Amino acid sequence: MEWILALVIGAAIPAVATQNEAAAQFWLHMAQHCGQAYEGRRVVARDDRPDLLEGNERLIVHFRECSSELLALPFHIGAVDGSWDRSRTWRYSWRDGQLELRHDHRLSSGEPDESNTMYGGLSIGRGTPEQQQFLFTERTADDGSALGWRIEIVPGVRYTYGTFSGDNWTWRLDFDLSKPLDRLPPAPWGHQ
């Protein structure tokens, strides 16, 4: 059964992506969770600027859209008062054989948040099947070190999304891939 899944998902990787085997494997690790949603928690809080989260929210990632060109993972934030922020979707795609991460931010009306959307960057180097880093090309830290996003995936165990400066996490969310949710979240704002 696993080889059938690998064959089907493998057909969903563009040929140009096979030039980077680690990135292609990373893509496969992500794609095998398509159609599922998982709860997570904040592991590292920001200490250099205001944090998006208070630390008591319900966090859900939904591996919602999967094709050979795009993996779209909406990130849902549930406040303690029962309201939801469904404004963010992490978009992984391919550009010239490299992985690219973009952040699709929407207003509650569904319109793109023009002041804060589609930022991101390309993967740095080859990475590994379990970890890829994406450089935020428009900024560097005060000390000149790279800034960007570090994404980790251990299939069936953990999906991690976070930011880094140099070698250190500056913000980190971990999602438990061993427990898919019985009920999927609704579409993120601006999507059907």
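Taking the alpha-carbon centroid of each part, what is the distance from segment 149-172 to segment 104-127 in angstrom?
The distance from the Cα centre of segment 149-172 to that of segment 104-127 comes to 17 Å.
Using 0.36 nm per residue, how much length does the chain from Ser83 to Leu53 gain when fully extended, once their Cα-Cα distance is taken away?
Residue separation times 0.36 nm, minus the Cα-Cα distance, leaves 9.4 nm.
Got a sec? What order do Thr128, Thr160 fall in by accessible area at 1.4 Å, biggest, i.e. largest, first?
Largest accessible area first, the list is Thr128, Thr160.
Mind checking the full-extension length gain between His191 and Arg158? Use 0.36 nm per residue of separation minus the Cα-Cα distance, one decimal, nm.
Working: separation 33, 0.36 × 33 = 11.88 nm, distance 2.59 nm.
That works out to 9.3 nm of additional length.
Report Trp90's accessible area, 1.4 Å probe, all protein chains in place, as a number in Å² to the nearest 10.
Surface accessible to solvent at Trp90 totals approximately 10 Å².
Could you tell me whether segment 39-163 comes out rounded, prolate or oblate from its Cα gyration tensor? Rule is a ≥ b ≥ c as square roots of the eigenvalues, rounded for a/c under 1.5, then prolate if a/b exceeds b/c, otherwise oblate.
rounded
Taking all protein chains together and a probe of 1.4 Å, list Asp48, Asp143, Asp176 from the most accessible to the least accessible. Don't jump to the answer; show the numbers that get you there.
Details: Asp48 95, Asp143 125, Asp176 55 Å².
Largest to smallest exposure gives the sequence Asp143, Asp48, Asp176.
Evaluate the distance, in nm, between pseudo-label points positioned 7 Å from the Cα of Tyr119 and of Arg41 along their respective Cα→Cβ axes.
2.9 nm
Return the Rg/Rh ratio of segment 83-134 with Cα-based radii and a Kirkwood Rh.
Here Rg/Rh amounts to 1.09.
Given +1 on the Cβ of Lys and Arg, -1 on the Cβ of Asp and Glu, and no further charges, what dipole in debye does segment 71-178 carry about its Cα centre, rounded to the nearest 20?
Using only the charged Cβ atoms, the result is roughly 260 debye.
Which one of Phe175, Thr128, Trp189 has its Cα pushed farthest toward the positive end of the charge dipole of segment 125-192, where Lys and Arg give +1 and Asp and Glu give -1 at the Cβ?
Comparing the listed Cα positions along the dipole, Trp189 ranks first.
Using helices alone, what [θ] at 222 nm do you get for the chain, with -39,500 (n - 2.57) per DSSP H run of 4 or more residues, divided over all residues and rounded to the nearest 500?
Per the formula, -3000 deg cm²/dmol.
Could you tell me the accessible area of Arg42 in Å² (1.4 Å probe, neighbours in place), rounded to the nearest ten?
Here the residue's solvent-accessible area equals roughly 70 Å².
With charges set only on the Cβ (+1 for Lys and Arg, -1 for Asp and Glu), what does the dipole of the chain come to about its Cα centre, in debye to the nearest 20?
320 debye
Please list Glu100, Glu21, Glu65 in order of solvent-accessible area, largest first, computed with a 1.4 Å probe with all protein chains present.
Largest accessible area first, the list is Glu21, Glu65, Glu100.
Quick one: what are the phi-derived ³J(HN,Hα) couplings along segment 148-162, Karplus 6.51/-1.76/1.60 with θ = phi - 60°, whole Hz, x for glycine and proline?
For segment 148-162, the Karplus curve yields x, 10, 10, 10, 10, 9, 10, x, x, 10, 7, 10, 10, 10, x Hz.
The values are calculated or read from the model by the stated rules, or taken from the named source; none is laboratory data. On a predicted model such as this, the values are computed, not experimentally measured, just so you know. Glycine also receives a Cβ, built like all others from the backbone with ideal geometry; neighbour counts cover every protein chain displayed. Keep in mind that these areas ignore ligands, DNA and RNA; they rest on the heavy atoms of the full protein, side chains included. Shrake-Rupley method; radii C 1.70, N 1.55, O 1.52, S 1.80 Å.
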